[in-house]
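The structure under discussion appears below in the form of structure tokens.
Bear in mind these aren't lab numbers, they're just calculated from the coordinates by the rules spelled out. Only a predicted model underlies this, so the values are computations on that prediction, with no experimental measurement involved. Quick reminder, even Gly has a Cβ in these numbers, built from the backbone with ideal geometry, and neighbours come from all protein chains shown.
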Amino acid sequence: MSSERATEYPVRISVDEARARVLDVARAHRVATDRVPLDRALGRVLAVDVVAPHPLPPFANSAMDGYALRGADLPREGEKRFRNLGVMLAGTHDALAVGAEECVRITTGAPLPRGADTVVIKENVRVAGDAIVVPAGDAIGANVRPAGEDLPEGAFAARAGERLTPARLGLVASCGLANVTVTKLPRVALFVTGDELVPPGTRLGFGQIHDSNRYSIGGLLESAGIVAEPVAHIRDDVDALREALIEAAATCDVIITSGGVSAGEADHVTPLVAELGRIDFWKVRMKPGMPFLCGEIGRAIVFALPGNPVSSMATFLALVEPALREMQGDETPERRWRAKLAEPVKKKHDRTEFLRARIVCGDDGVLRAGPVERQGSGQMGGAAEADALVVIGEAVRSLEAGEVVDVLFLPGAVR
Ligand code: AMP
Ligand code: MG
């Protein structure tokens, strides 16, 4: 085999170009589909449209507890007596029938008796022996939920590409479907690298720090519905890292690494991805997060995040999460919001800045983003205070308070 490899790949590209490229790579690595029961489908992306096999609701039913009758018989003025023929509760098997000036007591969700098209609520009538007295005032069809008013038969209940929210799951269940076809979750390996790292719960020796990225990046993954497996700490040892990458590439769809992707002497990720596979691009004009790398080893995508804790979070949110969603066929791989700056912002560099900011919704209904104090790429205290990353474009040097900016919410900040 030739040891010659193309080393030509774009370096120091813009965030927009990086996003376009990771989405392209993700589209080329779409995951397979899976048929799952509804109780395992929450948060998954539908791979096949769901069509209502019957109308919703399936039959005309009462929206209230009251009396079902023929609307044409309602009094125009004064009041009128209706003979009560019996009762129909929700779940009843027996359909009664009403004729002129007759009624049936009915509860919410019960099918209408034959001949009835209107329900008068029980608080509005007077019971008089085996009859009720109904005052004028109700319209024909009142308090009835017609069959198909929510969804007619054959209508789309949910579309391929939509994420199954609790409400969508409920809708699919109302359609009577026990299973849905969704895309699989990408299998993701997470490797944190660095000789200085020790796990929380361990006493720090000289020069050591606790590994926090395992939890912050692991948490971002979990918030996106993915539990990484395997998760491992790899020392800054080229052979150990090579072995881990080869093994993960054989079983995983995505390999996420943290650290070791700069150009320092203990930074082995970039040469290893070039050696074992190929590099799509390296370094993105963003702050924090510059050294981000995207590549491929075998069938696995490699996203190499810088080790600085805030940089790893910013690159994950800006580039990795959209790619993971795109791999699942999610119709909205990136969720950017807009807010107004709560204070002026200045910047000197030519990179896209991801400022950590608190987001507050004022009484005027406007979201306002106020940058937090600690903006260092290693300052997780600042990130922990923030609700979102405010995106300040490369060319921008200063913004006034009140100017509109894009924001990427951190998970947990909004439901
Ligand atoms: P690196 O990208 O490996 O050069 O690391 C950049 C900075 O991030 C260094 O200060 C590292 O100690 C720190 N760092 C790397 N990995 C982690 C991690 N898993 N948890 C916390 N800090 C980290
Ligand atoms: Mg390192």
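Mind listing which GluC sites (Glu not before Pro) in segment 85-167 are in a DSSP loop and have 14 or fewer other Cβ atoms within 10 Å?
Working: sites: Glu101, Glu102, Glu123, Glu149, Glu153, Glu162; in loops: Glu101, Glu149, Glu153, Glu162.
Those that pass, being in a loop and sparsely packed, are Glu101, Glu149, Glu153.
Can you compute the radius of gyration and Dmax for the chain, using only the Cα atoms, both in Å?
Gyration radius and largest Cα-Cα distance of the chain: 30.1, 98 Å.
Work out how far the C-alpha atoms of segment 219-378 reach from end to end along every principal axis, then list the three figures in whole Å, largest first.
So the three principal-axis extents are 56, 36, 24 Å.
Most mobile of Glu265, Glu321, Glu77 per a Gaussian network model of the chain (Cα springs, under 10 Å)?
Of Glu265, Glu321, Glu77, the Gaussian network model singles out Glu77 as fluctuating most.
For Glu79 and Thr108, FRET efficiency with R0 = 30 Å and r from the beta-carbon atoms, rounded to 0.05?
Efficiency at R0 = 30 Å is approximately 0.80.
Return the loop-located trypsin sites (Lys or Arg not before Pro) in segment 121-178 (DSSP other than H, G, I, E, B) with at most 15 other Cβ atoms within 10 Å of their own Cβ; answer none if there are none.
Arg159
Rounded to two decimals, what is Rg over Rh for segment 303-342 when you use alpha-carbon atoms and the Kirkwood radius?
Value, to two decimals: 1.08.
Note down the nm distance, to one decimal, between modelled labels 7 Å out along Cα→Cβ at Asp363 and at Glu403.
Going from the Asp363 label point to the Glu403 one covers 2.9 nm.
Can you work out the Karplus-derived ³J(HN,Hα) for every residue in segment 67-80? Use 6.51 cos²θ - 1.76 cosθ + 1.60 with θ = phi - 60°, whole Hz, and x for glycine or proline.
Whole-Hz 3J(HN,Hα) from phi for segment 67-80: 9, 8, 7, 8, x, 5, 8, 4, x, 6, 8, x, 8, 8.
Normalised by the number of residues in segment 274-350, what is the relative contact order in percent for Cα pairs under 8 Å and 6+ residues apart?
Here the relative contact order equals 19 percent.
Given contacts defined as C-alpha pairs under 8 Å and at least six residues apart, what's the relative contact order of the chain, whole-number percent?
It rounds to 17 percent for the chain.
Hey, quick one: spin label on Asp16, modelled 7 Å out along Cα-Cβ, who in segment 280-298 has an amide N within reach, i.e. under 15 Å?
285-286
What are the ³J(HN,Hα) couplings of segment 390-403, residue after residue, when phi is run through the Karplus curve with 6.51, -1.76, 1.60 and θ = phi - 60°? Round to Hz, x for glycine and proline.
Values, residue by residue: 8, 9, 10, x, 4, 6, 6, 10, 8, 10, 8, 4, x, 6 Hz.
Highest GNM mean-square fluctuation, the chain, Cα pairs closer than 10 Å: which of Cys103, Cys294, Cys252?
Ranking Cys103, Cys294, Cys252 by mean-square fluctuation puts Cys103 first.
Taking a cut-off of 12 Å between Cα atoms, list the aspartates and glutamates near Lys287, but don't count ones fewer than 8 places away on the same chain.
Asp350, Glu353, Glu394
Got a sec to turn the phi values of segment 245-260 into Karplus ³J(HN,Hα) couplings, 6.51 cos²θ - 1.76 cosθ + 1.60 with θ = phi - 60°, whole Hz, x for Gly and Pro?
Listing the rounded values in order: 5, 5, 5, 5, 5, 6, 10, 10, 8, 9, 10, 10, 10, 10, x, x Hz.
Using a Cα-Cα cut-off of under 19 Å, which aspartates and glutamates could be cross-linked to Lys122, ignoring same-chain neighbours fewer than 8 residues away?
The qualifying aspartates and glutamates are Asp65, Asp73, Glu77, Glu79, Glu101, Glu102, Asp130, Asp138.
Determine, for Glu400, Glu275, Glu8, the number of other Cβ atoms within 10 Å of each Cβ, and report the residues in order from fewest to most.
Fewest to most other Cβ atoms nearby, the residues stand as Glu8, Glu400, Glu275.
Pairing the Cα long axis of helix 15-27 with the longest principal axis of the chain, what angle in degrees results, from 0 to 90 and rounded to the nearest 10?
So the helix axis and the longest Cα principal axis differ by about 70 degrees.
With 10 angstrom as the radius, rank Val302, Val134 by how many other C-beta atoms surround their C-beta, starting from the fewest. Intermediate values should be presented prior to the final figure.
Numbers: Val302 30, Val134 24.
Ascending Cβ contact count within 10 Å gives the list Val134, Val302.
Rounded to the nearest 0.05, what FRET efficiency do Glu385 and Lys122 give with R0 = 56 Å and r taken as the Cβ-Cβ distance? Could you check?
Efficiency, rounded to the nearest 0.05: 0.55.
Starting from the amide H of Arg159, placed 1.01 Å from N in the peptide plane, find each other amide H under 5 Å away whose residue is 5 or more places distant or on another chain.
The list, which skips near neighbours in sequence, is Val50.
Quick one: order Leu324, Leu74, Leu69 by neighbouring beta-carbon count within 10 Å, fewest to most.
Exposure proxy ranking, most exposed first: Leu74, Leu324, Leu69.
Extension gain Lys348-Ala263, at 0.36 nm per residue separation less the Cα-Cα distance, in nm?
On the way: separation 85, 0.36 × 85 = 30.60 nm, distance 2.37 nm.
Result for the pair: 28.2 nm of gain on full extension.
Rounded to the nearest 500, what is the chain's calculated 222 nm mean residue ellipticity when only DSSP H runs of at least 4 contribute -39500 (n - 2.57) each, over all residues? The partial results should precede the final answer.
On the way: 8 runs with 75 residues, N = 415.
Calculated mean residue ellipticity at 222 nm is -5000 deg cm²/dmol.
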